[in-house]
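Only one structure is covered here, and it is reproduced in the block below.
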Amino acid sequence: MAATVARGRGIDSRVREALAAVPRHAFVPSERRERAYEDLPLPIGDGQTISAPHMVAVMADLLALERGDAVLEVGTGCGYHAAVTAELVGAPALSSVEYSADLAERARATLERLGYGAVSVRVGDGREGWPDRAPFDAIYLTCAVPDVPDALLEQLGPGGRLLAPVGTVSQRLVSLTRREDGTLEHESHGGVRFVTMRG
């Protein structure tokens with residue numbers, strides 16, 4: 001189970017509980033369900049993948065999400081990462097943008113069926129974020145970008161945290177924190193491998 005994967009990696013107990021609460025198999029295509037609880041990314045169609053449970057746990061832990069934090073997810077995919085985030089902040093606090101209309105529709109249906117229907121999912125270019133919902137306490141990307149889009153940085157509120165896989169040939173998980181004076185504190189959290197942002 002995902003909670004077992006996260007244990008021993010220094011992951012906060014709230015994050016472990018959130019992963020344990022979300023049935024990952026419900027987000028995995030039926031032909032791959034026997035592998036749903038392996039700690040691996042799996043194809044979900046349209047050239048996209050569901051992230052490995054440990055990576056979802058690491059990202060949630062780094063963002064240090066609290067109940068009620070306004071969060072923007074860039075790359076809804078199948079909705080699994082969104083469900084874990086919703087367990088931490090509450091479904092109404094999460095806004096998610098997905099480039100693929102087909103994936104967005106399927107994610108909405110799965111989230112609704114599992115009780116996360118209050119998560120807002122829209123189809124659009126993730127580089128643009130969701131200006132009408134800004135500012136956000138946290139923003140995370142589930143796909144790699146060459147550089148963090150300026151529009152996303154503009155939508156990050158004071159004290160807000162942004163987490164993204166950054167790079168092309170090689171990728172690093174990078175966090176940016178908005179200081180009170182408006183400047184950004186950068187930190188790298190090691191090498192990762194994500195699908196690249198589309199569009």
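Derivation of every value follows stated rules applied to the coordinates shown; laboratory data play no part. Note that this is a predicted model, so its numbers are computed, not measured. Note that we place each Cβ from the backbone using ideal geometry, even for glycine, and neighbour counts take in every protein chain shown.
Quick rundown of the values:
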| quantity | calculated |
| --- | --- |
| Positive-end extreme of charge dipole, the chain - chosen from T110, P23, V58 (charges on Cβ) | P23 |
| Segment 49-125 - percent relative contact order, Cα under 8 Å, separation 6 or more | 30 percent |
| Computed helical MRE - 222 nm, the chain, DSSP H runs ≥ 4 contributing -39500 (n - 2.57), nearest 500 | -7500 deg cm²/dmol |
| Rounded FRET efficiency, nearest 0.05, which uses the C-beta distance separating R133 from D181 and R0 of 30 Å | 0.80 |
| Crossing angle, helix 53-63 versus the chain [Cα axis fit, 0-90 degrees, rounded to tens] | 30 degrees |
| Degrees, to the nearest 10: 80-89 long Cα axis against longest axis of the chain | 60 degrees |
| For q = 0.18 Å⁻¹, Debye-computed log10 I/I(0) when each Cα of segment 15-80 counts as one equal scatterer | -0.70 |
| DSSP-defined beta bridges in the chain - what % are antiparallel, rounded to 5 | 50 percent |
| Extension gain (nm, one decimal) between E34 and R198, 0.36 nm per residue minus Cα-Cα | 56.2 nm |
| Using alpha carbons only: equivalent-ellipsoid semi-axes of the chain, gyration tensor based, whole Å | 23, 18, 17 |
| Protection-proxy order for peptides 184-193, 17-26, 85-94, each taking the mean of Cβ atoms within 10 Å per residue, highest first | 85-94, 17-26, 184-193 |
| Computed over the chain: relative contact order in percent, which uses C-alpha pairs under 8 Å that are six or more apart | 15 percent |
